[in-house]
Each structure stands twice: as structure tokens, then as C-alpha cells.
Protein chains: 2
Amino acid sequence: MKKKNNREPIYALIYTNLRNQIFDGQLSVGDLLPSENQLCSNYKVSRETVRRGLKALESEGLIYSRPKVGYFVSLPNYSDVTVSFTVNPANCRTHYKDIHAVMPDAEVRNILNIPEDRIVIELSQVTDSVEGTPVAYDIKYILYEQAYPSVESEIRFAVFPELTLPKMAAFSYYTDVQIRAVGASEAVAKVLECRIGEPLLLVERIYIQQNGKRIGYALHYSRQPYGALKGTSGYRL
Amino acid sequence: MKKKNNREPIYALIYTNLRNQIFDGQLSVGDLLPSENQLCSNYKVSRETVRRGLKALESEGLIYSRPKVGYFVSLPNYSDVTVSFTVNPANCRTHYKDIHAVMPDAEVRNILNIPEDRIVIELSQVTDSVEGTPVAYDIKYILYEQAYPSVESEIRFAVFPELTLPKMAAFSYYTDVQIRAVGASEAVAKVLECRIGEPLLLVERIYIQQNGKRIGYALHYSRQPYGALKGTSGYRL
DNA sequence: GAGTGGTCTAGACCACATG
DNA sequence: ATGTGGTCTAGACCACTCT
């Protein structure tokens, strides 16, 4: 049996050492790091190798560079929280309630920025826990046009989530998200089998193409505590 | 007046061209990009320059590399939502309600993983809208020990948010976040001047040091629609 | 003027995936 | 066997900052 040659690259060593100094507090917020040339001398390596290590720290957001001045330790940002919005929670089953073309109401028309006579696809689904209790109610309004393959795939993916994603322009849209607490309306309470006014988490998403065109709007109501959103902020070692 | 020499670097050109092809759909999800050597020929540049452009795409998550095989277009992740958790919303004023040492209840003890006799700092504050309506209620439990400078700065920053952040070990902790909808309890309803049971957004954060030690726990109740959380998912051009 | 980071070159050797 | 990406070198020139 031959020993695998898994030696750590030098730039990774530089990266790790500097990162440890940042976490230790040997390097504090705003501190100036050693210059590239200093690091070259310290590690007896070429400048590009040093830069590779620094670049790794920079793209993780731990440091930033001021050209012609030096590299500095970044100020951590704890106000940006990354939330994992799980489409299919564990131990839950999602089934379709309805899918059809509708004339949307004024609010949806306004959000999607479409004229009065525009027809959209309305797609609703309910997610049940293992015990059979409904825990989430989803309503999506999708601007269906053949010219927008991403929407087609959205529908196909929504209806048959087990299908692999079809070929599509990657990153062709993003979503704007808003998270609120609302009391269950009569209609929603009926679906979720809860009392009217029960606190629900409402996640609204607007699907927007890179050219600015709005192509979809989704509402996700979830009963508590099932539908709690989990996330993290800051840098996790 | 001399013209500024702001020519675009070659690697940035390569980056931009490939990125456009990804957004256009000329390159779809899972597609193989041209090899480094091919790009070298196409652009008549050295390999390191090509790699710089590819590295930029990679660190943005648009592509990934399979060593010895090639670079591929990534599958966009729309389930990770980045939420901006604004501490001091615009047009709002935050003022202190209380700050003192307490013996926390069982729930807080459990979350912070501390013994029964452990004392913590409890810090509460209320945020008012311009009209004077209370819109948010914050309660923080902080494990105060001189050995943990990040906690000291947390307190100082919380009490005097206008102060610049003191020198501290950067990235020494992260937070676990949970977002839920709850009905206002009697105590919370009193502070927020709303009826009991009114739907509130509750953001809970646990502050955790890189070594795993839990050093703080915060609850943030907000009335709707003021305290709605906004975020985005996907890649925004 | 000395030092810094930003860009770029033209090589090199390696381990490995694929056909 | 060929091609790929991963790592690394030893130079170079530039524009700029700082003192």
C-alpha cells in the first residue's frame, strides 16, 4: 500500500495560519496584515503563492485589501442572516391542492405588474406532518409564457419535484423575500385546520428575472412551531 | 488633463464574457466550460490569467471545478435566503427598558447550557416608530465573563451603539437564528401595546463562540407589518 | 523615493480522470 | 497516452499611497 501524497499546499498553510491569528485575536478588526513581500520572506515562497492564500481569506470576507496600502481584517457582519428555506421538510409530505389558470386579484396583479386581463397559473399545495396535520400552505402565481423557460421548469419542478431539473439558463432569475407573522384568515385557517387568527409565519417570494421582469409570486403560510425558519449569521469555523 | 488608464483587466474580461454566457443560457446548468488551455488560446493570454477569471466565477458560486475534468456551471441555490436583520430600522428609535443581572429561568438556562446558580445579564429594549408606536421588543441574555471580551463589547455596543467597535477578536462567534410567528403573551403585549395573541414575528438568536460555548441568547419580537424581514435568494446581476 | 497591491507572463512538475 | 486542473516559481511593469 502506497502512502497517498496529500500534502497541504503552501497557500493553504498561509491561509490557515492567518485565519487562526484572526480567530485568536492576534489580529483584530481593522488590523493591518503583513505585506505580501513580508509573507514571501516568512514562508520563503513566491508572491503568487502568498496572494493565493490572501485571496482565499478575502473571498471568504475575513479580510479586505486596500490597494497600495495593505490587507486588513474585516468587520464581521452579523446582521445578514442566511436562512435555509427548506422546500420539503423532513417527515413531511406535500400534495397538490389545485393548479389552474386564474385572473388574479388586484394585489397579485400589482405585485406581478401585469394588466387586468392577464391570466396567470395559480398553484397551491399543502404540506402535512407525519401525523397528518397540515403544517404549511403554499400558493404560487406564475406568469406562464413559453418565452420564459425558467417558468416552465418552475411548473414542471413544482408538479414533479422528483424530476431532475431540465436544462435552463442558470441564474436567470432571483427572488425577493419577505418574512412576516400574520393571523390566519378564514380561507387559510380552513386549509391548515387551525383557528382564525392563529399566528402563522408568512414567507412571500417574488421571482424576478435579471432583466427586472417579475415572473412569479409565492406565499408560504406555516403553522408554528413546525415551520420555524433556521439560519446562521457570522463566520462559522 | 490626462486620460486615466482605467482599462479593464484581461481576467475581468474573461470573467464577464463567461458570466454573460451563463446568464444568456449559452451555458446551461451542468455544462462544461472551455478548458483552461482553450481559453488561453482564445484570449492569447497565460494560464494564470485565465485561472483568475475562472476563480472569480467559482468564488461567486456560478461555476465549480472538478479537478482533472473541467469547470461546470453550478446549479443555483434558491433555498438559501439572505435576510438583512436590521438592528436599527429607519425612522425608528431604540431606547433601553432595562439592564440588570438576573437568575434566568429554566428555558434560558437550558439554551445557554449553564447551571442553576449562574447569573446572567438581562438587557431589554424597545423600538418605537416615528409616531411613537412601539414596534419591537428585544430581550437579551448575556453570559458575562471578563474572560470573553466579545461579550464585553456586545454589552458596550448594545448600550452605546454609537460607539465604534472596540478592538476584539474578529469572527470569534457566530449566531444560530430561528424565526417564528407567535401570539403576543401578556407581558409582551403590555410592552408593545397590542392585544394578547396578536401575531408577532419572533427572531431568536443564540450567540455561540467558535469553541462551541454559548455566550448569549436574544429574543426579538416585532409587530407587523413594521418588523417584516426582507431578503433575497439566488444571484442578482 | 520606497513600499504596496494589481496585473501578467512563460515556463514547470504533479496527480489524476478519461478514453 | 493525452488532457485536465492544482500548485508553484521568478521574474516583470504599473499606478498608486505614504512619508
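The values are calculated or read from the model by the stated rules, or taken from the named source; none is laboratory data. As the structure is a prediction and not an experimental result, all values here were calculated from the model. Note that we place each Cβ from the backbone using ideal geometry, even for glycine, and neighbour counts take in every protein chain shown.
Summed over region B:212-233, the residues that are more than 9 Å from chain A (Cβ to nearest Cβ), not in a strand (DSSP E or B) and not small (Gly, Ala, Ser) give a count of 2. Restrict the check to region A:29-43 and report whether at least one residue is within 15 Å of DNA strand D (Cβ to nearest atom), among the aromatic types (Phe, Trp, Tyr) and in a helix (DSSP H, G or I). The answer is yes, given that some residue of region A:29-43 is within 15 Å of DNA strand D (Cβ to nearest atom), among the aromatic types (Phe, Trp, Tyr) and in a helix (DSSP H, G or I).
If the condition is being within 16 Å of DNA strand C (Cβ to nearest atom) and out of contact with any strand residue (DSSP E or B) (no Cβ under 9 Å at 6 or more places or on another chain), then region B:67-104 contributes B:PRO67, B:LYS68. Residue-level check: of (1) assigned to a strand (DSSP E or B); (2) in contact (Cβ under 8 Å) with a residue 60 or more places away in the chain; (3) hydroxyl-bearing (Ser, Thr, Tyr), A:SER124 misses just (2).
Looking at A:LEU200, A:LEU237, can you tell me which residue is over 18 Å from the mean Cα position of the chain (by Cα), facing chain B (nearest Cβ under 9 Å), buried (at least 23 other Cβ atoms within 10 Å of the Cβ) and not aromatic (Phe, Trp, Tyr)? Break it down stepwise before answering.
Details: A:LEU237 fails: buried (at least 23 other Cβ atoms within 10 Å of the Cβ).
Matching residue, one of A:LEU200, A:LEU237: A:LEU200.
What are the residues in region B:6-52 that are on the phi > 0 side of the Ramachandran plot and at pLDDT 95 or above, if any?
We begin by selecting, within region B:6-52, every residue on the phi > 0 side of the Ramachandran plot; these are B:25, B:30, B:44.
Within region B:6-52, B:LYS44 is the sole residue that qualifies.
Can you tell me which residue in region B:164-204 is modelled with the lowest pLDDT, limited to those that are assigned to a strand (DSSP E or B) and among the aromatic types (Phe, Trp, Tyr)? Step through it out loud before you land on a result.
Here is the first cut: in region B:164-204, the residues assigned to a strand (DSSP E or B) are B:169, B:173-183, B:199-204.
Filter once more, so that each one left must be among the aromatic types (Phe, Trp, Tyr): B:173-174.
Values: B:TYR173: 89, B:TYR174: 92.
This residue is B:TYR173.
Under the condition of being more than 8 Å from chain B (Cβ to nearest Cβ) and surrounded by fewer than 19 Cβ atoms within 10 Å (Cβ to Cβ), which residue from region A:169-190 is farthest from B:GLN224 (Cα to Cα)? The extreme case among them is A:LYS190.
Return the only residue of A:TYR226, A:TYR137, A:TYR207, A:TYR235 being in contact with a Ser or Thr (Cβ under 8 Å, 6 or more places away or on another chain), modelled with pLDDT of 85 or more and more than 24 Å from A:ALA101 (Cβ to Cβ). Working first, answer last.
Numbers: A:TYR137 fails: more than 24 Å from A:ALA101 (Cβ to Cβ); A:TYR207 fails: more than 24 Å from A:ALA101 (Cβ to Cβ); A:TYR235 fails: in contact with a Ser or Thr (Cβ under 8 Å, 6 or more places away or on another chain).
A:TYR226 is the lone residue from the list that is in contact with a Ser or Thr (Cβ under 8 Å, 6 or more places away or on another chain), modelled with pLDDT of 85 or more and more than 24 Å from A:ALA101 (Cβ to Cβ).
Checking each residue in region B:20-57 for being charged (D, E, K, R) and either more than 9 Å from chain A (Cβ to nearest Cβ) or near DNA strand C (Cβ under 10 Å from one of its atoms) (or both) picks out B:GLU36, B:LYS44, B:ARG47, B:GLU48, B:ARG51, B:ARG52.
Evaluate the following for B:SER153: is it in a strand (DSSP E or B), among the small types (Gly, Ala, Ser) and either at negative phi or modelled with pLDDT under 95 (or both)? Here the answer is no, as B:SER153 does not meet what is asked.
Going by the conditions given, is A:LYS97 on the phi > 0 side of the Ramachandran plot and either free of Cβ contacts under 8 Å to residues at least 12 places away in the same chain or not in a loop (DSSP other than H, G, I, E, B) (or both)? It would help to see each step written out before you state the result.
On the way: on the phi > 0 side of the Ramachandran plot: no; either free of Cβ contacts under 8 Å to residues at least 12 places away in the same chain or not in a loop (DSSP other than H, G, I, E, B) (or both): yes.
The answer is no for A:LYS97.
Select from region B:52-88 the residues that are in contact (Cβ under 8 Å) with a residue 40 or more places away in the chain and part of a strand (DSSP E or B) and write down the one among them that is farthest from B:ALA228 (Cα to Cα).
Step one: list which residues in region B:52-88 are in contact (Cβ under 8 Å) with a residue 40 or more places away in the chain, which gives B:52-54, B:56-57, B:60-63, B:72-85, B:87-88.
In the following step, the residues that additionally are part of a strand (DSSP E or B) were identified as B:63, B:72-73, B:80-84.
Numbers: B:ILE63: 33, B:PHE72: 37, B:VAL73: 34, B:ASP80: 18, B:VAL81: 14, B:THR82: 14, B:VAL83: 10, B:SER84: 10 Å.
Filtering first and then ranking leaves B:PHE72.
Kindly evaluate A:ARG7 against the criterion of being within 14 Å of chain B (Cβ to nearest Cβ) and either near DNA strand C (Cβ under 9 Å from one of its atoms) or exposed (fewer than 12 other Cβ atoms within 10 Å of the Cβ) (or both). When the stated conditions are applied, A:ARG7 does not pass them. Do we find that A:TYR15 is touching a residue at least 24 places away in the same chain (Cβ under 8 Å), within 13 Å of DNA strand C (Cβ to nearest atom) and over 25 Å from the mean Cα position of the chain (by Cα) in this structure? The answer is no for A:TYR15.
Checked against (1) more than 11 Å from chain A (Cβ to nearest Cβ); (2) within 16 Å of DNA strand C (Cβ to nearest atom), B:GLU107 passes all but condition (2).
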